[in-house]
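Okay, structure first, notes after.
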Amino acid sequence: MAPYTTPEQLDAAYTTLQQTFKSGKTKSIAWRKWQLKQMFWLIADNEEAVVKALHADLNRHDFESYYADIGALKKDVLAHLKNIEQWAADEIPDAGFLFKTLGGARIRKEPLGVALVLGTWNFPFIVTLSPLIAAISAGCCGIVKPAETTVACQDLMAELIPKYLDQEAIQVVTGGPEETTMMLERRFDHIFYTGSPRIAKIISAAAAKHLTPTVLELGGQAPCIVTPSADIDVAAKRIVFSKYLNGGQICLAANHVFVDPSVHDKFVERATYWLGQYLKDDGKDHAVRIVNERNYDRLVGLLNQTGGNIAYGGKTDREDKFIQQTIVTNLTMQDSLMSEEIFGPLLPVMKMSYQDACTTTQNLEHPLGLYIFSTSQPEIDYILSHTLSGGVTINDIMMHAGVANAPFGGVGNSGRGAYHGKYGFEAFTHRRTVVNIPSWFEYLLGFRYPPYGKEHISKVTVGNPPFKKGEGMADQSVGRSTQDVVKGLMGMTVKWTLLALVLAMVDARMGGRPKLLEVLREGMDGVRGRLPL
């Protein structure tokens with residue numbers, strides 16, 4: 001294991017990154033593209049080493065490592081490279097003629113500054129480097145700390161990051177809780193953390209002292225709700241897959257299953273069948289191990305205390321940190337397995353209608369993911385309307401996390417903020433509104449200066465609203481009615497008519513159309529000079 005970062009080394013890294021960001025170096029799109037490409041080669045040149053590190057720490061199969069870490073990271077880099085110029089470009093707000101056209105209003109995308117990225121151990125590379133990719137894309141400097149629990153992965157990142165990335169802007173530090181506490185004493189411009197709600201509260205408290213914004217990617221008790229209309233075989237196959245992948249040590253894995261009583265027995269039978277297909281025996285020769293003894297003991301403790309029946313699995317080996325994928329039935333919400341997020345290969349299955357499952361889910365903390373297995377749109381709509389979660393996958397598991405350029409994040413106890421694609425870019429970005437008010441606006445805005453006069457009040461008052469006083473909920477229309485469309489067209493006609501009248505009056509007073517056109521051209525030239533073309 002590589003030695004942990006010392007306080008002196010941390011101070012030096014922090015100071016270097018502060019100075020680099022103030023220099024403006026990382027704001028350059030060219031710098032960002034260069035570093036993103038370096039990140040791609042960091043992964044591509046060292047795929048074998050990454051696979052070996054993941055196997056050493058988790059007994060991870062090569063396929064899982066390519067599927068969940070290596071391939072996903074390379075795709076992430078390529079997506080940022082493809083879109084960075086578009087994401088970083090100024091936006092023109094719909095601010096009306098005065099500010100948008102004459103004032104040249106725009107929204108700049110500014111990097112927040114020096115970011116701290118705190119990774120975790122279950123997917124050591126993707127959850128550590130993907131936020132760093134977003135920070136680089138946004139133009140931030142970054143200190144990244146891999147999880148100390150997965151030692152081989154931590155050491156590999158500590159070796160590779162300085163070799164491939166710009167050390168003036170990107171630094172990697174190593175350590176445990178003591179070193180993390182030292183880092184949190186400093187003022188960062190953004191903190192990105194992946195892990196548990198308990199640690200997230202500590203990080204949030206430290207960030208609050210400096211009013212530092214955070215993105216917190218946490219977890220929760222993700223439910224699967226299986227309705228009578230579901231394809232039971234497919235539902236079982238996909239749900240238990242989430243308990244096989246990475247040993248169920250996934251923030252998005254199914255935590256428990258609520259299955260309608262009419263299809264409960266069939267679901268358990270198919271879930272048992274598919275786990276048997278995945279494991280072939282007990283799975284000990286190829287299944288991912290529990291990350292350490294502490295988590296092993298926690299999971300075995302939950303299993304030993306359950307009042308349910310083990311329908312499949314149950315084998316354990318502390319010396320090897322092995323827990324077989326296990327299905328538990330005939331349990332209640334008061335069972336030990338429902339007392340916390342499982343984060344392992346244990347799967348409680350309970351009989352419950354989808355309506356009662358929604359009520360039960362509402363009484364728990366909001367999960368990061370929720371999974372609906374149904375072929376009935378009314379059932380799906382009911383569940384969506386009566387629950388809240390970070391994301392939802394219907395008739396599959398965890399897939400919403402892979403939707404390109406869609407936000408991935410939790411709500412409430414399962415997290416705050418989001419990333420992936422442009423949402424990762426925006427997480428590390430400040431949207432800065434800029435407007436340029438020319439001096440000749442005095443003719444339009446001169447009334448705002450004191451001494452105030454009542455004769456100007458009409459210029460700042462709001463007219464009558466487009467609705468009647470005393471309306472109730474039943475009076476409200478949803479969507480744009482035909483009447484609204486007609487009113488809109490009539491309004492446009494009136495505006496164009498008034499504009500024509502004004503131009504005609506100006507034309508008459510200025511002595512002819514040529515002079516009018518000359519003035520209009522001069523005005524447009526002035527406007528163009530202020531627009532970010």
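The values are calculated or read from the model by the stated rules, or taken from the named source; none is laboratory data. Treat the numbers as computed from the prediction; the structure is a model and nothing was measured. Ideal geometry is used to build each Cβ from the backbone, glycine not excepted, and the neighbour counts take in all protein chains shown.
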Report summary line: Log entry, pairs with first residue in the stretch 28-43 being at pLDDT below 95, second being among the hydrophobic types (A, V, I, L, M, F, W, C) and part of a helix (DSSP H, G or I), beta carbons closer than 6 Å, six or more apart or on different chains, reads none
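Please tell me if Ile133 is assigned to a helix (DSSP H, G or I), in the same structural domain as Ala53 (by TED's automatic domain parsing) and touching a His at 6+ places or on another chain (Cβ under 7 Å). Let's see the steps before the verdict.
On the way: assigned to a helix (DSSP H, G or I): yes; in the same structural domain as Ala53 (by TED's automatic domain parsing): yes; touching a His at 6+ places or on another chain (Cβ under 7 Å): yes.
So Ile133 passes the test.
Being assigned to a loop (DSSP other than H, G, I, E, B) and under 32 Å from the mean Cα position of the chain (by Cα) is the filter here, so list the residues in the stretch 272-297 that pass it. Before you say what the answer is, go through the steps one by one.
As a first pass, look at the stretch 272-297 and keep what is assigned to a loop (DSSP other than H, G, I, E, B): 280-292.
Listed by number, the residues that qualify are His286, Ala287, Val288, Arg289, Ile290, Val291, Asn292.
For the stretch 328-335, does any single residue satisfy the condition of being at pLDDT 95 or above, assigned to a strand (DSSP E or B), within 25 Å of Thr150 (Cα to Cα) and of a type in the set (Ser, Thr, Tyr)? First the steps, then the outcome.
Taking the stretch 328-335 and keeping what is at pLDDT 95 or above, we get 328-335.
Cutting the leftovers down to assigned to a strand (DSSP E or B) gives us 328-329.
With within 25 Å of Thr150 (Cα to Cα) added as a condition, the list becomes none.
Taking every residue of the stretch 328-335 in turn, none turns out to be at pLDDT 95 or above, assigned to a strand (DSSP E or B), within 25 Å of Thr150 (Cα to Cα) and of a type in the set (Ser, Thr, Tyr).
Having 3 or more residues that are surrounded by fewer than 18 Cβ atoms within 10 Å (Cβ to Cβ) is the bar; report the helices (runs of 4 or more DSSP H) wholly within the stretch 358-468 that clear it.
Working: elements: 377-385, 422-427, 442-445.
Helices (runs of 4 or more DSSP H) meeting the threshold: 377-385, 442-445.
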Requested in this report: With the condition kept exactly as written, say whether any residue in the stretch 122-142 is over 29 Å from Glu64 (Cα atoms) and out of contact with any Phe, Trp or Tyr (no Cβ under 6 Å at 6 or more places or on another chain).
Outcome: yes
Query raised in the report: When both residues are 6+ apart or on different chains and their Cβ atoms are under 9 Å apart, which pairs have a first residue that lies in the stretch 78-106 and is farther than 30 Å from Leu444 by Cα, and a second that is aromatic (Phe, Trp, Tyr)?
Result: Leu78/Phe40; His80/Trp87; His80/Phe425; Leu81/Phe40; Asn83/Phe425; Ile84/Phe425; Trp87/Phe425; Ala88/Phe425
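Residues checked against (1) surrounded by fewer than 20 Cβ atoms within 10 Å (Cβ to Cβ); (2) within 20 Å of Ala230 (Cα to Cα); (3) touching a residue at least 24 places away in the same chain (Cβ under 8 Å):
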{"site": "Asp320", "(1), (2), (3)": "yes, no, yes"}
{"site": "Ile323", "(1), (2), (3)": "no, no, yes"}
{"site": "Thr329", "(1), (2), (3)": "no, yes, yes"}
{"site": "Pro348", "(1), (2), (3)": "no, yes, yes"}
{"site": "Met352", "(1), (2), (3)": "no, yes, yes"}
Requested in this report: State the number of residues belonging to the stretch 131-148 that are under 25 Å from Asn59 (Cβ atoms) and in contact with an Asp or Glu (Cβ under 8 Å, 6 or more places away or on another chain).
Outcome: 1
Report task. Would you check which residues across the stretch 421-438 are under 18 Å from Tyr193 (Cα atoms) and among the β-branched types (Val, Ile, Thr) and list them? Result -> Thr429
Query - Answer residue from the stretch 212-252, given it is more than 20 Å from the chain's Cα centre (by Cα) and assigned to a loop (DSSP other than H, G, I, E, B) and is farthest from Gly313 (Cα to Cα) among those - result: Ser229
Report task. Please work out which one of (1) surrounded by 15 or more Cβ atoms within 10 Å (Cβ to Cβ); (2) within 26 Å of the chain's Cα centre (by Cα) is the condition Thr20 fails and give its number. Result -> (2)
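Kindly indicate whether Asp11 is under 22 Å from Val172 (Cα atoms), of a type outside the set (Lys, Arg) and crowded, with 19+ Cβ neighbours inside 10 Å.
Details: under 22 Å from Val172 (Cα atoms): yes; of a type outside the set (Lys, Arg): yes; crowded, with 19+ Cβ neighbours inside 10 Å: no.
When the stated conditions are applied, Asp11 does not pass them.
When you look at Ala236, is it in the same structural domain as Ile126 (by TED's automatic domain parsing) and either basic (Lys, Arg) or modelled with pLDDT of 95 or more (or both), yes or no? Talk me through it step by step, then tell me what you get.
Working: in the same structural domain as Ile126 (by TED's automatic domain parsing): no; either basic (Lys, Arg) or modelled with pLDDT of 95 or more (or both): yes.
Against the criterion (in the same structural domain as Ile126 (by TED's automatic domain parsing) and either basic (Lys, Arg) or modelled with pLDDT of 95 or more (or both)), Ala236 does not qualify.
Residue check: is Gly390 in the same structural domain as Ala271 (by TED's automatic domain parsing) and touching a Gly at 6+ places or on another chain (Cβ under 7 Å)? Walk me through how you get there before you give the answer.
Values: in the same structural domain as Ala271 (by TED's automatic domain parsing): yes; touching a Gly at 6+ places or on another chain (Cβ under 7 Å): yes.
When the stated conditions are applied, Gly390 passes them.
Filtering the stretch 248-273 down to residues that are without any contact (Cβ under 8 Å) to a residue 40 or more places away in the chain and touching a Lys or Arg at 6+ places or on another chain (Cβ under 9 Å), which residue is surrounded by the most Cβ atoms within 10 Å (Cβ to Cβ)? Steps first, answer last, please.
The initial filter retains those residues of the stretch 248-273 that are without any contact (Cβ under 8 Å) to a residue 40 or more places away in the chain, namely 262-263, 265-266, 269-270, 273.
Okay, now just the ones that are also touching a Lys or Arg at 6+ places or on another chain (Cβ under 9 Å), so 270, 273.
Details: Arg270: 20, Tyr273: 15.
This residue is Arg270.
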**Report entry** Count - residues of the stretch 313-354 that are within 22 Å of Gly276 (Cα to Cα) and small (Gly, Ala, Ser)
**Finding:** 3
**Report entry** helices (runs of 4 or more DSSP H) within the stretch 43-125 that include 3 or more residues surrounded by fewer than 21 Cβ atoms within 10 Å (Cβ to Cβ) and basic (Lys, Arg)
**Finding:** 71-88
